[in-house]
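Notes follow once the structure below has been shown.
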Amino acid sequence: MKVDLKKILLLIIIWSLGVMSNLKAETLDIKEILEIIQKDLRTLERAVYSESFSKSTKGNSNQEISGQNAEDVLTKHLLKLSEIEKQFQELTNKYEEINFKLDKLSSRLSKVQADNQLRFQNIENNAIVNNTENNSLTAVPKTDTGQQKILPGSSQPQDLGTISYKDMTTTNEKQIVQSVDSTKTVSTEIFQSEEKILPDGTPKEQYEFATSFLKVGDYNMAERAFREFVDNNPDSEFSGNAQYWYAETFRIRQLYTDAASAYLEGYQKYPKSEKAPINLLKLGVSLVQIGEKDQGCLMIAGVKKQYPNATQSVLQKAKYEEKKFECKKENS
């Protein structure tokens with residue numbers, strides 16, 4: 001409740017005038033009247049001051065309480081914002097991870113589709129060739145006398161695995177024994193690709209394309225790609241490496257005879273390539289694994305003699321294989 005000082009003063013003056021009139025009537029002294037008025041003013045001032053002080057005190061306390069509440073609310077909002085920011089960051093990381101996995105899966109599917117398409121084309125081509133051959137063989141040839149010639153397998157059906165008496169009889173008095181002489185060399189086989197695999201481009205691009213099959217573990221396609229690269233680029237700087245990886249496709253599949261042939265071809269054609277020392281070492285190991293221990297040990301021991309500047313890993317590997325196969329004992 002606000003106090004109007006003007007009204008109070010006006011009332012005091014009116015009241016004082018009335019008092020003065022009464023005092024005049026009662027013949028009082030003017031000095032006493034003034035003292036009474038002054039005393040009343042002091043009382044009113046104290047009352048007004050105390051009321052305003054109490055109001056200001058309450059206002060300040062309310063402001064402090066409202067300030068504390070505002071700080072608490074602001075702190076809560078900041079905490080919520082930090083939590084939301086953290087959750088958003090986690091969602092972003094998961095989204096990026098899912099995108100990476102999808103890209104990787106898409107690349108694998110495209111490679112599988114390309115490989116399947118190539119295999120289906122090869123099957124169709126083989127089916128067409130077989131049909132043409134069957135059509136050409138349907139006509140039964142005739143002998144000079146005009147009788148139809150009996151082809152192998154066209155006689156009366158027999159039990160599986162049986163041999164006729166005619167096949168067991170012979171006019172020779174001595175038995176001919178066929179034997180395979182052991183040889184010191186390994187024959188190489190020329191692989192002819194059924195269809196072109198490598199894309200058009202520089203030898204480096206073709207070499208990287210062939211290497212991509214190794215990275216995904218498709219050793220059949222890698223074999224064909226590296227064979228095609230060596231045939232098309234025999235004098236390239238990548239030919240020695242390509243020949244080595246061609247041999248590796250057989251070794252990984254435990255086709256040690258084919259691996260030995262491929263390593264031998266690489267040793268004969270590319271003796272100065274980057275992979276020549278390890279190629280010679282793998283040739284020796286492959287020969288030992290197919291039963292040619294003497295020749296294999298000579299190849300393993302020849303790594304240090306022919307390539308003394310090879311890397312330490314290759315030299316240490318050759319030393320280990322030599323001890324593993326007991327080559328020194330055999331040679332001595």
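Annotations
- Within the range 200-246, considering residues that are under 17 Å from Ser261 (Cα atoms) and among the acidic types (Asp, Glu), the one surrounded by the most Cβ atoms within 10 Å (Cβ to Cβ): Glu223
- Residue within the range 296-304 that is loosely packed, with under 15 Cβ neighbours inside 10 Å and farther than 28 Å from Asn220 by Cα present: no
- Selection from the range 277-306 of residues that are under 16 Å from Phe250 (Cβ atoms) and hydrophobic (A, V, I, L, M, F, W, C): Ile278, Leu281, Leu283, Val285, Leu287, Val288, Ile290
- Enumeration of residues in the range 280-332 that are in contact with a Cys (Cβ under 7 Å, 6 or more places away or on another chain) and not in a helix (DSSP H, G or I): Phe325
Any read-out appearing in this document is the output of simple, stated calculations on the displayed coordinates, not a laboratory observation. Small disclaimer: the values here were computed from a predicted structure and weren't measured. Neighbour counts are summed over all protein chains in view; Cβ atoms, including those assigned to glycine, are modelled from backbone coordinates with ideal geometry.
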